[in-house]
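The values are calculated or read from the model by the stated rules, or taken from the named source; none is laboratory data. Just so we're clear, the structure is a prediction, and the values are computed from it rather than from any experiment. Cβ placement follows ideal geometry from the backbone for every residue including glycine, while neighbour counts extend to all protein chains displayed.
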Amino acid sequence: MAQSTRGIRGASRDAAEVTRRLEGIVASAMDAIITVDHNQHIVLFNPAAERMFAVSAEVALGEHISSFIPERFRSVHADHISRFTETGATNRAMGSLGAISGLRANGEEFPIEASISQVLVGGERLATVILRDITERKANEEARHLLAREVDHRAKNALAVVQALVSLTRAPTVEAFVAAVRGRVSSLGRAHSLLALNRWEGAALAQIITDECAAYQHPGQVRIHGPSITLNAHAVQPVALLIHELATNAVKYGSLSMERGVVEVRVAILEGGALELAWCERAGPPVAAPTVTGFGSTLISQVVTRQLGGEIKIDWSGDGLTMVAVLPTSTFRQEAPSASASKTMGRQTSAPAAKGERLLIVEDETLLAMELSDKLSALGWHIIGPVSSVEEAFRLIAEDALPDVAMLDINLKGHLVYPLADLLQRGGVPFVFCTGYEQVDEPERYRTSPMIRKPVNIGQLAGELHRLCDSG
């Protein structure tokens with residue numbers, strides 16, 4: 001009898017231990033666990049449920065489960081629970097109930113995912129719901145969807161702009177047509193790179209002017225004066241095209257066609273808050289207003305007035321063209337005040353003739369590799385390759401010798417060019433990165449190697465290669 005009593009006590013202790021463990025598991029669960037009786041009144045409300053619905057278990061126990069469901073869904077929920085009970089099914093997997101909403105004590109609705117099960121305990125049917133707050137997941141899904149739509153929009157918009165540029169460009173020869181289209185598409189590419197680098201929040205006006213004029217001027221020819229201005233995202237591309245058209249016109253007919261010519265770019269904030277951008281050419285050849293308005297002139301005018309909602313005046317008198325554009329406050333923001341900056345662009349990036357230097361071209365896009373080889377060869381470079389992989393470059397170098405300079409694409413069919421870059425560094429060979437990437441993975445490691453972003457400006461590329469050869 002005593003032994004039987006000890007057995008009963010042991011079994012009771014075991015049952016109590018199991019109960020404590022189950023209670024501990026329920027209390028520590030990350031998901032909300034709510035159990036209701038056959039009348040759908042709450043009999044269990046764990047700590048996670050308290051946190052989720054912002055109400056204590058003491059308040060929740062005895063309440064109808066519908067108290068935590070938005071009112072407009074309560075009748076549907078009651079019908080669903082009734083059907084679920086009638087089927088005799090014991091459980092439904094997490095998420096199988098579809099998209100449902102919860103209601104916090106403060107009236108806030110939020111998305112939840114739920115699983116439900118039922119069991120008979122002492123002849124009473126109990127239903128247990130496990131709930132998971134998916135607010136963050138839904139936000140991430142919506143953000144991904146929005147990003148996908150935005151990428152799709154920007155890609156299609158960019159293609160539409162390129163198509164329009166190709167369609168509207170006029171030129172007397174095929175060669176001039178190709179040069180004009182390439183220049184305008186390259187301008188769009190540079191603007192896109194600046195926007196991507198700045199998370200599509202805009203770009204510095206001075207940087208846009210610098211980039212667009214880099215290939216067309218001798219040291220010191222283009223000078224920028226005025227405060228630091230950041231263009232808003234929607235204004236970056238049109239202003240880049242505006243400066244590109246002015247620069248190409250200046251190098252063909254204006255002050256940049258002569259070594260003594262100068263372009264003064266003046267930036268100022270007017271009394272009413274608008275931005276004044278003045279392009280003033282000096283010391284160039286005599287100029288006169290064109291008798292026929294070309295696409296470039298039309299583009300300059302339309303960009304300022306229609307796309308940016310500004311005003312423009314062009315004066316062909318005196319010793320050079322002067323363009324003054326006034327842009328509304330919606331197109332820009334002024335950076336933290338600094339002394340009125342005066343910047344002279346001094347980088348020589350026109351395309352000088354090479355002296356037979358051996359240039360290794362590493363580029364996996366066949367058409368681009370062919371174009372680069374053709375253009376740079378015509379400028380006097382001795383082309384090695386082009387090659388489309390690191391392994392091919394290693395073999396070529398092993399069979400021959402190290403080049404004088406190299407042009408490296410960073411991503412070669414999914415493989416990075418850095419092992420080749422490191423080999424060239426150890427051999428004392430300077431190189432230029434030519435890529436669609438915004439920056440190299442280790443900028444400090446390759447700090448002496450300039451980066452040129454695609455689409456490629458041949459003049460800028462040739463200038464950087466010459467600079468590296470001269471300094472090396």
Touching a residue at least 40 places away in the same chain (Cβ under 8 Å) and in contact with a Phe, Trp or Tyr (Cβ under 8 Å, 6 or more places away or on another chain), is that true of Ala32? yes
All but one of (1) part of a helix (DSSP H, G or I); (2) modelled with pLDDT of 90 or more hold for Val26, so report the exception by its number. (2)
Hey, which of the strands (runs of 3 or more DSSP E) in region 227-299, taking only ones fully inside, have at least 1 residues that are touching a strand residue (DSSP E or B) at 6+ places or on another chain (Cβ under 9 Å) and farther than 19 Å from Ala203 by Cα? 262-269, 275-282
Looking at region 142-159, can you tell me whether even one residue there is outside the structural domain of Glu276 (by TED's automatic domain parsing), in contact with a helix residue (DSSP H, G or I) (Cβ under 8 Å, 6 or more places away or on another chain) and in a helix (DSSP H, G or I)? yes
Filter region 375-403 down to residues that are in a helix (DSSP H, G or I) and of a type in the set (Asp, Glu) and give me whichever is nearest to Ile361 (Cα to Cα). Glu392
Quick one: what pairs do we get from region 368-393, first residue in contact (Cβ under 8 Å) with a residue 12 or more places away in the chain, second surrounded by 17 or more Cβ atoms within 10 Å (Cβ to Cβ) and of a type in the set (S, T, N, Q), C-beta under 6 Å, 6+ apart or different chains? Ile383/Ser373; Pro386/Ser373
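Condition first: among the charged types (D, E, K, R), under 19 Å from the mean Cα position of the chain (by Cα), within 30 Å of Ile209 (Cβ to Cβ) and not assigned by TED's automatic domain parsing to the domain that holds Asn249. Can you find one or more residues in region 180-191 that meet it?
First pass over region 180-191, keeping only residues among the charged types (D, E, K, R): 182, 184, 190.
Those left that are additionally under 19 Å from the mean Cα position of the chain (by Cα): 190.
Imposing the further condition that a residue be within 30 Å of Ile209 (Cβ to Cβ) reduces the set to 190.
Of the ones still in play, those that are also not assigned by TED's automatic domain parsing to the domain that holds Asn249 are none.
There is no residue in region 180-191 that is among the charged types (D, E, K, R), under 19 Å from the mean Cα position of the chain (by Cα), within 30 Å of Ile209 (Cβ to Cβ) and not assigned by TED's automatic domain parsing to the domain that holds Asn249.
Output the residues belonging to region 171-195 that are in a helix (DSSP H, G or I) and under 22 Å from Thr293 (Cβ atoms).
Keep residues of region 171-195 that are in a helix (DSSP H, G or I), which gives 174-195.
Those that are in a helix (DSSP H, G or I) and under 22 Å from Thr293 (Cβ atoms): Ala176, Phe177, Ala179, Ala180, Val181, Gly183, Arg184, Ser187.
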If we keep only residues of region 97-130 that are within 17 Å of Arg83 (Cβ to Cβ) and either free of Cβ contacts under 8 Å to residues at least 24 places away in the same chain or touching a His at 6+ places or on another chain (Cβ under 6 Å) (or both), then the residue surrounded by the fewest Cβ atoms within 10 Å (Cβ to Cβ) is Gly98
Picking from Asp409, Asp441, Asp400, which residue would you name as being of a type in the set (Asp, Glu) and either assigned by TED's automatic domain parsing to the domain that holds Ser186 or surrounded by 17 or more Cβ atoms within 10 Å (Cβ to Cβ) (or both)? Asp409
